[in-house]
Amino acid sequence: MFENFKVPDDLRPSDPRFGSGPSLVPVSFLDKLAETKTELLGTSHRKPAVKNLFKEMQEGLREYFKVPSDYEVVVGNGGATFLFDMIGLGLVRKKSVHYTCGEFSSKWFKSHDVIPWVTAENIASDYGQGVAPKDHDDADMICVTLNETSTGVHLPTMPAVDGDTILAVDATSGGGQCPCDVSKTDIYFFSPQKVFASEGGFFVAIMSPKALKRAEEINSTDRYIPPIMNWKTAIDNSVKNQTYNTPSISTVFFLNEQVKLMNELGYDKVQELAKEKADFIYSWANEKDYLSPYVSDENARSWAVATIDVDDKYPAGDLIKVLEEQKAVYGIDAYRKLGRNQFRIALFHNISFDDLKKLTQLIDQAFKEA
């Protein structure tokens with residue numbers, strides 16, 4: 001349908017990347033990495049140059065999230081999916097309750113459900129619907145997802161849990177941009193290839209004293225935990241500004257550059273800018289007779305990943321293919337397993353408002369000419 005559409009030069013975004021992961025890594029970060037020449041890449045992660053990079057990144061995250069002094073910023077290799085297993089193996093005593101609303105929150109539940117000594121309960125919302133988590137007397141961990149990447153559902157409020165229950169928050173695609181008071185959580189974790197503009201294969205887990213104590217408790221039992229997934233090992237290394245095994249230095253470098261960039265504004269301002277972009281994209285969808293927000297509840301609509309349904313008479317995939325072939329727009333496909341005629345558009349911090357406006361104008365023009 002869109003095979004004859006040509007992208008007008010005046011509607012071409014300055015950067016074509018609108019994907020929900022991997023993130024838009026600014027080219028300037030690559031230039032800054034190149035400036036380090038022989039002093040960083042190829043250096044052992046036990047050496048001062050790398051440990052100082054880690055320290056700056058960890059302290060920057062403390063500043064950004066206003067992390068309490070008795071919390072630890074724990075880091076390691078492996079992304080959020082790796083942590084799903086690591087959390088189940090090393091932080092759940094007997095039972096975790098999972099509030100699921102999409103592919104990634106469901107994946108977390110499934111990873112705990114196959115652990116023989118863990119009872120995992122799934123409280124599922126229909127895809128595209130909001131979530132209202134609460135505490136459970138019979139569970140020692142409540143698992144929630146701040147921003148469901150597959151569906152664009154955001155969790156507007158966190159449940160209050162009792163003094164012996166861990167509140168675990170997967171913040172991967174919303175962390176740093178969607179509202180959340182980290183001091184009200186026990187483990188707030190993410191991999192940095194979304195809002196934090198880095199690459200995958202790395203994790204950050206901000207852990208409360210309660211979570212740190214739980215890790216010590218379980219580590220002292222005879223439960224088998226693979227060394228690479230041992231929380232005590234990860235914590236002990238993180239306190240020393242390093243990882244247990246060799247990390248990707250470029251990943252940490254990009255993360256640190258993004259943290260510095262966002263700290264110039266502060267968490268509150270970043271959220272304000274994110275909400276402006278979210279309000280714009282959902283208003284645009286509501287105004288068009290061929291578009292509609294997938295998430296019907298306005299309070300559950302993400303400030304980081306917008307999912308926009310398209311009228312079935314316009315195949316979104318055809319337009320996406322044309323835009324990619326002309327190198328104008330990348331990564332706005334619907335999540336593959338969702339199977340909807342849909343655009344999924346990242347609203348991450350590095351995606352400029354001007355480029356977002358051009359994207360919407362470009363789509364409007366394509367539909368006009370269809």
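Bear in mind that the values in this text are calculations on the coordinates, not laboratory data. Being a predicted model, the structure only gives us computed values, none of them experimental. In this analysis, Cβ positions are derived from the backbone assuming ideal geometry, glycine residues included, and neighbour counts consider all displayed protein chains.
Summary value for the chain: 26 percent relative contact order, contacts being C-alpha pairs under 8 angstrom separated by 6+ residues. This ranking places 275, 194 by how few other beta-carbon atoms lie within 10 Å of each, fewest first, which gives 275, 194. Close amide H contacts of residue 333 (hydrogens built in the peptide plane, cut-off under 5 Å, sequence separation of 5 or more or a different chain): 344. Against the main long axis of the alpha-carbon atoms of the chain, helix 267-287 sits at an angle near 40°. Between 339, 88, 200, the GNM of the chain built on Cα springs shorter than 10 angstrom shows 339 fluctuating the most. Here the spin labels are modelled as points 7 Å beyond Cα on the Cα-Cβ line, and at residue 6 and residue 63 they lie 4.9 nm apart. Between residue 15 and residue 368, the distance separating the two model label sites (each 7 Å from Cα on the Cα→Cβ line) works out to 2.7 nm.
Compute the long axis of helix 353-369 from its Cα atoms, compare it with the longest principal axis of the Cα atoms of the chain, and write down the angle in degrees, 0 to 90, nearest 10. Value to nearest ten degrees: 40. If I take R0 = 35 Å and measure r between the Cβ atoms of residue 297 and residue 260 in this structure, what FRET efficiency does the formula 1/(1 + (r/R0)^6) give, to the nearest 0.05? Once rounded, the FRET efficiency stands at 0.50. Lysine pairs in segment 229-278 whose alpha-carbon atoms fall under 26 angstrom of each other, counting only those eight or more residues apart or on distinct chains, come to 6. Fully extending the segment from residue 184 to residue 138, taken as 0.36 nm per residue of separation minus the present Cα-Cα distance, adds 14.5 nm.
Spacing of the modelled spin labels on residue 55 and residue 245, each 7 Å from Cα toward Cβ, amounts to 2.7 nm.
Every helix of 4 or more DSSP H residues in the chain counts as -39500 (n - 2.57), and over all residues that averages to -11500 deg cm²/dmol at 222 nm. Sorting 231, 117, 284 by the number of Cβ atoms found within 10 Å of their own Cβ, with the fewest placed first, yields 117, 284, 231. In terms of other Cβ atoms within 10 Å, 297, 181, 137, 355 run from fewest to most in the order 137, 181, 297, 355. How many angstrom lie between the C-alpha centres of segment 5-77 and segment 142-186? Taking the Cα centre of each part, segment 5-77 and segment 142-186 sit 22 Å apart. Looking at the chain alone, DSSP beta bridges between its own residues are antiparallel in about 55 percent of cases. The long axis of helix 48-65 is offset from the longest Cα principal axis of the chain by roughly 70 degrees. The alpha-carbon atoms of segment 42-263 define a convex hull whose volume equals 108 cubic angstrom per residue.
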